[in-house]
Amino acid sequence: MKPGAPQRLIGYLMATTAAILFGLNGNFSRLLFDAGISPLTLLELRMLIGGLCLLLTLLIWNRSALKLESRNGGWLIVFGLCLALVSYTYFVAISRLPLAIALVIQFSASAWMALGEAVWRRRWPSRPVLFAVCLSFGGVILLTGIWQQSLNGLDALGLIFANLSLLAYIAYMLAGKRVGRTLPALTSTTYGAFIACFFCLLVQPPWSIPAATWQPQHLWLILLVGILGMAIPFSLTLAALRRLDATRAGIAGTLELVAASVIGYFWLGQHLTLWQIAGCTLVLIGIIILQYEQAIE
């Protein structure tokens, strides 16, 4: 039975709220980076706090979801590693670039995945997919100004990490799809967060975390990143998927890009040129086209 109109409305509200919280997360993170907190430090604390919140949610509402079979172990480790890589590269990118630009480059992953799938299956992509890929590619060109030597004044290392984040995000999506065959999304996200935290702790053990991290003005923002930037939006997204199909939830999720851009503009003063705004718009349209194309298929 399909959910009724009231349930769909609740689903849209949940997906929209999650997207806005993800957008806030990027701005909270940028404030911490500007205050001297390293991307690695924020990553391991975000994963730890978010993982603990998700674990508490499962312990209260669905303890049976915590059970794992041995066949899930290997792919969960891969998933957790991908989660760590995509989060770290994204954090480095937004520490050096305007948030909207880093997000758009990462969001364009859906276009490249659609094109890659068509090549893998040795079939010519449909016209909507080709159109969406062209829009995304053109949008990224407008955003970065790669025809200019100055790259629109953007940080070169930031652009490198934004593109690494794109590749890591694709790997994360593929690993998540594989894990999702046998595990609920909330379960895989919970364990994935702890595995990602473990990998981070191997690189930076707790005693190596800079003392400045524990200052009160930093701690409350780190808590917000872990709770409002991971645990709550992930839970809301999963709850929304019970009331909406994946296509509608995915389109609602693109509001993260808009929310992060607007918040960054008014809060952090991250202004974009008209060309960059046009690039954001092209990528956003391409993503929406791909969502509808996948629904039709």
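The values are calculated or read from the model by the stated rules, or taken from the named source; none is laboratory data. Only a predicted model underlies this, so the values are computations on that prediction, with no experimental measurement involved. Here the Cβ is made from the backbone with ideal geometry for all residues, glycine too, and neighbour counts use every protein chain on show. These accessible areas exclude ligands, DNA and RNA; they are computed on the full protein's heavy atoms, side chains included. Shrake-Rupley method; radii C 1.70, N 1.55, O 1.52, S 1.80 Å.
Rounded, prolate or oblate: which fits region 1-111 when a ≥ b ≥ c are the square roots of the eigenvalues of the alpha-carbon gyration tensor, with rounded for a/c under 1.5 and prolate only if a/b beats b/c? Since a/c reaches 1.5 but b/c is at least a/b, the shape of region 1-111 is classed as oblate.
For Rg/Rh (Cα atoms, Kirkwood Rh), the candidate list reads (1) 1.05; (2) 0.98; (3) 0.96; the entry that matches the value derived from this model is (3). Counting only DSSP H runs of at least 4 residues, each contributing -39500 (n - 2.57), and dividing by the residue count of the chain, the helix-based mean residue ellipticity at 222 nm comes to -24500 deg cm²/dmol. Using Cβ point charges alone (K and R +1, D and E -1), the dipole size of the chain about the Cα centre works out to roughly 860 debye. Per residue, the accessible area of the chain comes to 51 Å², computed with a 1.4 Å probe over protein heavy atoms only.
Hydrophobic, long helices, defined as DSSP H runs whose alpha-carbon span along the helix axis is 30 Å or greater and whose mean Kyte-Doolittle value is at least -0.5, occur in the chain at 5-34, 39-61, 73-96, 156-179, 274-296. Summary of packing: across the peptides 258-268, 278-288, the per-residue average of other C-beta atoms within 10 Å ranks them, highest first, as 278-288, 258-268. Overall, the anisotropy analysis places region 72-111 in the oblate class: the square-rooted eigenvalues a ≥ b ≥ c of its C-alpha gyration tensor yield a/c not less than 1.5, with a/b not exceeding b/c. As a fraction of the 1.4 Å probe accessible area of the chain, surface on carbon and sulfur atoms comes out at 69 percent.
Fully extending the segment from Ala35 to Glu69 would add 8.0 nm, taking 0.36 nm per residue of separation and subtracting the current Cα-Cα distance. Classify region 48-95 as rounded, prolate or oblate, taking a ≥ b ≥ c as the square roots of the eigenvalues of its Cα gyration tensor: rounded when a/c is under 1.5, otherwise prolate if a/b is larger than b/c and oblate if not. Oblate. Rg and Dmax of region 30-184, based on Cα coordinates, read 18.3, 56 Å.
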